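Engineer: I'd like to ask some things about the structure below.
The values are calculated or read from the model by the stated rules, or taken from the named source; none is laboratory data. Model, not experiment: these values are computed from the prediction. Because the Cβ atoms are built from the backbone with ideal geometry, glycine has one as well, and the counts that use them run over all protein chains shown.
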Amino acid sequence: MWRDALLVCGKDLRIELRAKIGLNQVAPFAATVLLLFGLALGPNRQALQPAAAALFWIAVLLSVVLAVQRSFAVESADSARDGLRLSGLDPAGIFLGKGAAIVTQLLVLEALLTVGVALLFGAQLSDGLVLLAACVTASIGLGAVGVTYGVLSSGVRVKETLLPLLLLPVAAPVLLGATKAWDEALAGTPGQAGVWLSLLAVFAVLYVAVGTVAFGPLLEGA
Amino acid sequence: MRADRALRVLGAFALVGMVATVWLGLFVTPNAVGYADGTVRLLYIHPPLAWVMFIAYGMATISSLLYLWPRTRHARFDRLAGASAEVGVVFTGLTLVSGSIWGRTTWGVYWAWDPLLTTTALLFVLYLGYLALRNVPGDPDTVARRSAIAGLVAFLDVPIVFFAVSWWRSLHQGPTIDLATRHSYVHGSMAWTLLLGFVSFTLTYVWLMVHRYRLAVLRERESDEGLENALADRWAEAVR
């Protein structure tokens, strides 16, 4: 299973490195969202600084939809999904591999966005460890639900509109936990972020487990 | 045909119960002290609506599990999950509306970011997504399987959302409006009216769900027999 996961993850990341969709489209999209938030809230730093964590995570959440769509668009071209099904790879391995590829991309995107909120909104990036822990746990949770709903909607014709409707409400606890953890860290009280980090961890563990079990039947039907 | 008659009797009971609840709630029960004029009467419909919402989603989740379990896999559990979730969404909408009206008159605002309210609102969108997924056409087995899994994934989110929002509120705000306190005012004719409300709303739920289930059966039959009938029609025209 782990070997299969590594293979699939490597394949997805190699495709991303070559096609550079994430770099050329998803990252600029996320940057645009940050800029638009800045425009909508006005130039006042006093208003932007407290909102930095919230805006960061909204931008991440919107980008997850694109990353997941991209991850399954790769499989739908040239009936690659049939190839994946016939490859004999363990479905759980495919799930973990695709998830890991999305998590890796999300972490790179979050690093870029962190620079963005520091520059645009004047967020004070103290307590980097808490910020990083929130990014990692939140990305794993988002990757897990993302891949589960990605394969679920990949076989249907209306996936572009269906995926955000399914994914975003389920990701609400991640938005809440990650935003609060970041809020505490940015406000200089990282000690209070523990409860939010554990919430993110519970979400991640739960949905990785569900996705690992459910991916096989979903891939069969897609 | 006995099933038809039983369903009609059930519908009649639900209707009578509903009318009686409205009559008792509006004209017989006293107005409670400490509430804006008449708003206490929302008590007789709001908790029953929320109750039906819970049993509807519970039923949908159990049916989804039964469908996914290989030994009990049967199309009837898929239909049951769909029918129950659909009725559940309607009752969630009604719960939110009646709660908002209550909130406006009692708290002065239509919406408060209370854990129960926020969780209910998220439930509403979660299951709207579930219904949207159900409505996407496809091979019946595939649709049933992916709907069942999506239903479970959505349901698992509910406790996480509730705890998350509870912490979110408790860590940063004073105590929120305790939705449970108003029950302490309930006694006498009010308690009986509330109980009747619970019973008649539950009957209404069962009635609606059974109808929705039968509609699903008819739809399936239509799609099975529709093509054959259309072909037969064409043949008949050609022969003539």
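Engineer: Identify, from the list A:Ala144, A:Ala100, the residue that is surrounded by fewer than 24 Cβ atoms within 10 Å (Cβ to Cβ) and either in a helix (DSSP H, G or I) or at pLDDT 90 or above (or both).
Structural biologist: After ruling out the rest, the residue left standing is A:Ala100.
Engineer: In addition: If a residue must be at the interface with chain A (Cβ under 7 Å from one of its Cβ atoms) and either surrounded by fewer than 21 Cβ atoms within 10 Å (Cβ to Cβ) or of a type in the set (Asp, Glu) (or both), how many such residues does region B:150-167 contain?
Structural biologist: Number of matching residues: 3.
Engineer: List every residue pair whose Cβ atoms lie under 6 Å apart, where the two residues are 6 or more positions apart in sequence or sit on different chains, the first residue falls within region A:145-159 and is within 8 Å of another protein chain (Cβ to nearest Cβ), and the second residue, located anywhere, is assigned to a helix (DSSP H, G or I) and among the aromatic types (Phe, Trp, Tyr).
Structural biologist: Pairs found: A:Val145/A:Tyr207.
Engineer: Scanning region A:188-216 for residues that are buried (at least 19 other Cβ atoms within 10 Å of the Cβ) and touching a Phe, Trp or Tyr at 6+ places or on another chain (Cβ under 7 Å), which turns out nearest to B:Trp168 (Cα to Cα)?
Structural biologist: The residue in question is A:Gly211.
Engineer: Only one of (1) surrounded by 24 or more Cβ atoms within 10 Å (Cβ to Cβ); (2) without any contact (Cβ under 8 Å) to a residue 60 or more places away in the chain; (3) within 13 Å of another protein chain (Cβ to nearest Cβ) fails for A:Cys135. Which number is that?
Structural biologist: Only one criterion is unmet by A:Cys135, namely (3).
Engineer: Kindly evaluate A:Ala185 against the criterion of being surrounded by 21 or more Cβ atoms within 10 Å (Cβ to Cβ) and within 8 Å of chain B (Cβ to nearest Cβ).
Structural biologist: Working: surrounded by 21 or more Cβ atoms within 10 Å (Cβ to Cβ): yes; within 8 Å of chain B (Cβ to nearest Cβ): no.
Spelling it out, it is not the case that A:Ala185 is surrounded by 21 or more Cβ atoms within 10 Å (Cβ to Cβ) and within 8 Å of chain B (Cβ to nearest Cβ).
Let's see how each residue does on (1) out of contact with any Lys or Arg (no Cβ under 7 Å at 6 or more places or on another chain); (2) assigned to a helix (DSSP H, G or I); (3) away from every other protein chain (no Cβ under 14 Å); (4) surrounded by 14 or more Cβ atoms within 10 Å (Cβ to Cβ):
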site	(1), (2), (3), (4)
B:Asp4	yes, yes, yes, no
B:Trp23	yes, yes, yes, no
B:Pro30	yes, no, yes, no
B:Leu43	no, yes, yes, yes
B:Pro47	yes, yes, yes, yes
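Engineer: Please work out which one of (1) free of Cβ contacts under 8 Å to residues at least 60 places away in the same chain; (2) within 12 Å of another protein chain (Cβ to nearest Cβ) is the condition A:Gly141 fails and give its number.
Structural biologist: (1)
Engineer: Could you grab me the full set of residues in region A:148-167 that are crowded, with 24+ Cβ neighbours inside 10 Å and out of contact with any Ser or Thr (no Cβ under 7 Å at 6 or more places or on another chain)?
Structural biologist: Matches in region A:148-167: A:Thr148, A:Tyr149, A:Val151, A:Leu152, A:Ser153.
Engineer: Do any residues in region B:1-23 that are modelled with pLDDT under 90 have Cβ atoms under 9 Å from those of residues that are outside any helix (DSSP H, G or I), where the two are at least six apart or on different chains, and which pairs are they?
Structural biologist: B:Thr21/B:Ile45; B:Val22/B:Ile45
Engineer: Shifting gears a bit: Any residue at all in region B:170-190 that's at pLDDT 80 or above and either touching a Ser or Thr at 6+ places or on another chain (Cβ under 7 Å) or not in a helix (DSSP H, G or I) (or both)?
Structural biologist: Within region B:170-190, not a single residue is at pLDDT 80 or above and either touching a Ser or Thr at 6+ places or on another chain (Cβ under 7 Å) or not in a helix (DSSP H, G or I) (or both).
Engineer: Anything in region A:2-14 that is touching a residue at least 12 places away in the same chain (Cβ under 8 Å) and either among the charged types (D, E, K, R) or surrounded by 15 or more Cβ atoms within 10 Å (Cβ to Cβ) (or both)? List them, or say none.
Structural biologist: Those that are touching a residue at least 12 places away in the same chain (Cβ under 8 Å) and either among the charged types (D, E, K, R) or surrounded by 15 or more Cβ atoms within 10 Å (Cβ to Cβ) (or both): A:Arg3, A:Asp4, A:Ala5, A:Leu7, A:Val8, A:Cys9, A:Lys11, A:Asp12, A:Leu13.
Engineer: Can I ask one more? Exactly one of (1) more than 10 Å from every other protein chain (Cβ to nearest Cβ); (2) touching a residue at least 40 places away in the same chain (Cβ under 8 Å) is unmet by A:Ala118. Its number?
Structural biologist: So the condition that A:Ala118 fails would be (2).
Engineer: Would you please name the residue that is farthest from B:Ala56 (Cα to Cα), looking only at residues in region B:205-223 that are among the basic types (Lys, Arg) and in contact with a helix residue (DSSP H, G or I) (Cβ under 9 Å, 6 or more places away or on another chain)?
Structural biologist: As a first pass, look at region B:205-223 and keep what is among the basic types (Lys, Arg): B:212, B:214, B:219, B:221.
Remaining after also requiring in contact with a helix residue (DSSP H, G or I) (Cβ under 9 Å, 6 or more places away or on another chain): B:212, B:214.
On the way: B:Arg212: 13, B:Arg214: 17 Å.
Only one residue tops the list, namely B:Arg214.
Engineer: Taking only region B:130-143 into account, find how many residues are at the interface with chain A (Cβ under 9 Å from one of its Cβ atoms) and over 15 Å from the mean Cα position of the chain (by Cα). Working first, answer last.
Structural biologist: Step one: list which residues in region B:130-143 are at the interface with chain A (Cβ under 9 Å from one of its Cβ atoms), which gives B:130, B:132-133, B:136-139, B:141-143.
Subset that is over 15 Å from the mean Cα position of the chain (by Cα): B:132-133, B:136-139, B:141-143.
The total comes to 9.
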